[in-house]
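All remarks here apply to the structure that follows.
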Amino acid sequence: MHRVVALALEQVVAFDLSIPAQVFGRPDPDLGRDGYEFAVCAAVAGPVATTTGFDVVAPFGLEALERADTITVPGFNPQEERLPDGVADALRAAHARGARIVSVCTGAFALADAGLLDGRRATTHWADAAELARRYPAVEVDDRVLFVDHGDVATSAGVAAGIDLCLQLVRADHGAGAAAAIARRMVVAPYREGSQAQFIDRPLPEPAGGLAATRAWALERLAQPLTVGEMAAHAGWSVRSFARHFRAETGTTPLRWLHEQRVAEALRLLEQSELGVDAVAARAGFGTAASLRLHLRRAAATTPTAHRRAFTRARPAASRDRAGRPGAAIASLWSPADRSRAPRTPRTPRAPG
């Protein structure tokens, strides 16, 4: 089992902490024996203050990081310029032995303080990007994207962008089918590219205007070789004006959006139909099976055959897994000796920061 540990620092953002818990902390029949075990630790085991007025209890201290395959650092309020004693050293040691280190939102401040982002492109919530760049000038801060994944180190933008990054990790570990299954359980979009913009000027088109009609028109014609000029003509705009308004509404360019819709349609057809790969490629607008394979490999780290197999393979003992205790995946990670060291009564919280 792949061991995931979330490091909750003082003034942790509760929503950010819940994201890896939901993605990695539940037994999932779609992953079977190759799934995840999940636990929460802190600089010191015990209560950790959140930014929303209540505490969470971390059963383990930094020793939990020594056995983690992936470490997630949820957002926190980085009031101080330095991390608590031992945290940066523990993150560096885990990275040096091969653990994957991931941050959600302002968790990037912890990774930067540990030196793991030096000379690398990284992101955080757009509202905190300037401060991250000021404190850590060796980091190439990009406030325009949802997440940046280097493989060994990854960072995501604020709040819900952490869902996109965690699903990207599942996709890298187990394929697009597993990630899509977890996304369905969480009722979120199964795939958003990391390069999508964080901030969209107008998230929903106005009922009487906007480009929703043009997007619907394009979706009905995915099999055709659509151009931006044709989409702009349908909307009644010049190409330049159309591209500007399209990005304002969707956070991405017309061509990138069109490509994402074709990838999504290809995955849907592979999951829900018995069409051959050539037919799927034609209907999704990729033309040939070779082109479809190339684009699926780039966009979703999978192949048509692998994706179809992931969605149609047998899932033994699924009902037993679904009926299991919610904490089963957490408890199995730790030995009885570990569990005996976990605090059984709350302690007085430390001061934030």
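With the requirement that a residue be among the basic types (Lys, Arg) and touching a Gly at 6+ places or on another chain (Cβ under 9 Å), what does segment 94-134 give you?
The one that is among the basic types (Lys, Arg) and touching a Gly at 6+ places or on another chain (Cβ under 9 Å): 100.
Over 28 Å from residue 268 (Cα atoms), buried (at least 16 other Cβ atoms within 10 Å of the Cβ) and over 12 Å from the mean Cα position of the chain (by Cα): does that describe residue 122?
Values: over 28 Å from residue 268 (Cα atoms): yes; buried (at least 16 other Cβ atoms within 10 Å of the Cβ): yes; over 12 Å from the mean Cα position of the chain (by Cα): yes.
Yes: the conditions hold for residue 122.
Return yes or no: is residue 296 under 21 Å from the mean Cα position of the chain (by Cα), modelled with pLDDT of 80 or more and under 22 Å from residue 168 (Cα atoms)? Give the derivation first.
Working: under 21 Å from the mean Cα position of the chain (by Cα): yes; modelled with pLDDT of 80 or more: yes; under 22 Å from residue 168 (Cα atoms): yes.
Taking the combined requirement at face value, the residue satisfies it.
What is the residue count in segment 257-295 for residues that are over 26 Å from residue 211 (Cβ atoms) and in contact (Cβ under 8 Å) with a residue 40 or more places away in the chain? Walk me through it before giving the result.
Applying the first criterion (over 26 Å from residue 211 (Cβ atoms)) to segment 257-295 yields 270-282, 288-294.
Filter once more, so that each one left must be in contact (Cβ under 8 Å) with a residue 40 or more places away in the chain: 270-271, 282.
Of the residues in that region, 3 qualify.
Report, by residue number, each residue of segment 151-169 that is over 15 Å from residue 17 (Cα atoms) and modelled with pLDDT under 90.
168
Within segment 69-115, take every residue that is farther than 14 Å from residue 8 by Cα and surrounded by 24 or more Cβ atoms within 10 Å (Cβ to Cβ) and give me the one that is farthest from the chain's Cα centre (by Cα).
Applying the filter and picking the extreme gives 94.
Looking at (1) surrounded by 24 or more Cβ atoms within 10 Å (Cβ to Cβ); (2) part of a strand (DSSP E or B), find the lone condition where residue 49 falls short.
(1)
The values are calculated or read from the model by the stated rules, or taken from the named source; none is laboratory data. Everything quoted here is computed from the prediction, not taken from an experiment. Here the Cβ is made from the backbone with ideal geometry for all residues, glycine too, and neighbour counts use every protein chain on show.
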